[in-house]
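Since every read-out is calculated from the coordinates, none of them should be taken as a lab result. Quantities reported herein were computed from a predicted structural model and do not represent experimental measurements. We place every Cβ from the backbone using ideal geometry, glycine too, and count neighbours over all the protein chains shown.
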Amino acid sequence: MAAQRKPVRSERRILDTEKKYWVGFNIVKGIGPAKLQALLDHFGSLSAAWQANVATLQAIGIDRRAIEALLAARARLDLDAELEKVRQAGAHVLTWADPGYPARLRQITNPPPVLYVKGELTEADYWAVAVVGTRRATNYGREVTRHLVASLARSGVTVVSGLARGIDAQAHQAALDAGGRTIAVLGCGIDQVYPPEHRQLAAAIAEHGAVITDYPLGTPPEAANFPPRNRIISGLALGVLVTEAGLHSGALITADFAAEQGRDVFAVPGTILMRGSEGTNRLIQDGAKMVLKPEDILEELNLTLVAEQTEARQVIPDNPTEAELLRVISVEPVHVDEVAARAGLPITEVSAALALMELKGMVRQVGGMNYVLARERRAAYVVD
């Protein structure tokens, strides 16, 4: 992941000035990521798009209903007040234009243009695993979740889930108990907590990670909101672990999104006599990776050295040599001499760069001085 250049103060003012328009368009029904991108491509900024006339909006393909919704929003919204409401809710806004927008989430098809965040998303969250499952968790499901999540969290992995009853809540709590980071993705506005009994848990998550949503303030936790939010849960993560789920569990929707996004899907097997294990057993039958111990996830996702990789990324910035080596290295093993030849670089420079890239989790040596892309980079290539 390329190091982000810190914007100068004038650039930051531009971002802050524009942010209210991102919030405004996020409220307008009928303007999703694709239409928003079209507006940006045509106008260059959302402030200009917000003021555009009807004829111009029609000319770039915005449909009548979306235009009517935009006109109505212009008439009733005070955008400065809307942004202030977000701050009063104890949250802040991240958009596609922000350097702090989650890098992995950017890679999915139609990522959410706006995220409302309580807490903070950090560099450490680049190494994340989503853990989801049934709301009707059994003792087995809860114990398995606690066991696996505790090991992931102690290994420096951020745990992503949906704050729901059952497995989701167990995953968040286990990460917190292990001193790790966790992210909760809501199916409602950031000013709401659902289920309401998880208010204290949500507050703890915001203290040791983040609570996020792409839904505007005031959005109630309606049933239709939850399947779409699952694409964010999987999109933030390297892989999705389903610890317990029936055949009709919403966790399987998250697993489907993960597969579409090029993420790995993991599942814990259960007894064939329990309905709560039918979903996870079916996932394994369909090709998900069976998990019997934490190492099955850590090793598969190249997450055994997360702390070292995080430190390396912070103190050793990416550079043009690394970018060139990433271009010539693939998922198939290639010898260091061949890497140097393809990149047209001296072998000494290539060897030194590969050593640092391996420490940073960008590539892996698979024996005999042969290198492949690390799992995290493979996922990005699959999505693109």
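When His248, His198 are ordered from fewest to most other Cβ atoms inside 10 Å of their Cβ, what list results?
Numbers: His248 11, His198 20.
Least to most surrounded, the residues fall as His248, His198.
Running a GNM on the chain with Cα contacts under 10 Å, which residue among Val268, Val28, Val159 ends up with the highest mean-square fluctuation?
It is Val28.
Using alpha carbons only, how many angstrom separate the centre of the range 239-291 from the centre of the range 320-370?
Computed from Cα coordinates, the inter-centre distance equals 35 Å.
Pull out a ≥ b ≥ c, the square roots of the eigenvalues of the alpha-carbon gyration tensor of the range 128-203, then state rounded if a/c is under 1.5, prolate if not and a/b is larger than b/c, and oblate in the remaining case.
Values: a/c = 1.98, a/b = 1.29, b/c = 1.53.
Oblate shape, in that a/c is at least 1.5 and b/c is the bigger or equal ratio.
If the only charges are +1 at each Lys and Arg Cβ and -1 at each Asp and Glu Cβ, what is the size of the charge dipole of the chain around the Cα centre, to the nearest 20 debye? Walk me through the intermediate numbers first.
Working: 41 positive and 44 negative charges, 186 e Å.
Computed about the Cα centre, the dipole is about 900 debye.
Within the chain, what is the number of lysine pairs with alpha carbons under 29 Å apart, leaving out pairs fewer than eight places apart on the same chain?
Qualifying lysine pairs in the chain: 22.
How large is the dipole of the range 123-300 about the Cα centre if only Lys and Arg carry +1 and Asp and Glu carry -1, each at its Cβ, rounded to the nearest 20 debye?
400 debye
Treating only the Cβ of Lys, Arg, Asp and Glu as charged (+1, +1, -1, -1), what charge dipole size does the range 27-186 show about its Cα centre? Round to the nearest 20 debye. Could you put the intermediate results ahead of the total?
Values: 18 positive and 14 negative charges, 112 e Å.
Roughly 540 debye for the range 27-186.
Calculate for the chain the 222 nm mean residue ellipticity that helices alone would give, adding -39,500 (n - 2.57) per DSSP H run of length 4 or more and normalising by residue count, nearest 500 deg cm²/dmol. Please list the in-between numbers first.
On the way: 19 runs with 188 residues, N = 384.
Taking each H run of at least 4 residues, the total per residue is -14500 deg cm²/dmol.
Counting pairs of alpha carbon atoms under 8 Å apart in space and at least six apart in sequence, what relative contact order in percent does the chain give? It would help to have the intermediate numbers written out before the result.
Details: 691 pairs, mean separation 51.6, N = 384.
With pairs under 8 Å counted, the relative contact order is 13 percent.
State whether the range 64-105 is rounded, prolate or oblate according to the following rule on the C-alpha gyration tensor (a ≥ b ≥ c being the square roots of its eigenvalues): a/c under 1.5 gives rounded; otherwise a/b larger than b/c gives prolate, and the remaining case gives oblate. Mind dumping the intermediate values first?
Details: a/c = 3.57, a/b = 1.42, b/c = 2.51.
Judged from the Cα gyration tensor, the range 64-105 comes out oblate (a/c at least 1.5, b/c at or above a/b).
Label the chain by shape, choosing from rounded, prolate and oblate, from the square roots a ≥ b ≥ c of the eigenvalues of the Cα gyration tensor; if a/c is under 1.5 it is rounded, and otherwise prolate applies when a/b is larger than b/c, oblate when it is not. Walk me through the numbers on the way to the answer.
Working: a/c = 1.84, a/b = 1.16, b/c = 1.59.
Oblate shape, in that a/c is at least 1.5 and b/c is the bigger or equal ratio.
Based only on other Cβ atoms within 10 Å, what is the fewest-to-most ordering of Lys29, Lys360, Lys289? Display every interim value, and only then the final one.
Numbers: Lys29 13, Lys360 22, Lys289 16.
In order of increasing Cβ crowding within 10 Å: Lys29, Lys289, Lys360.
Give me the percent relative contact order of the range 124-180, please, defined on Cα pairs under 8 angstrom at least 6 residues apart.
On the way: 93 pairs, mean separation 25.4, N = 57.
45 percent.
Take Glu244, Glu299, Glu322 and order them by how many other Cβ atoms sit within 10 Å, fewest up front. Intermediate results must be reported in sequence, preceding the final value.
Working: Glu244 28, Glu299 12, Glu322 19.
Taking fewest neighbouring Cβ atoms as first place, the list is Glu299, Glu322, Glu244.
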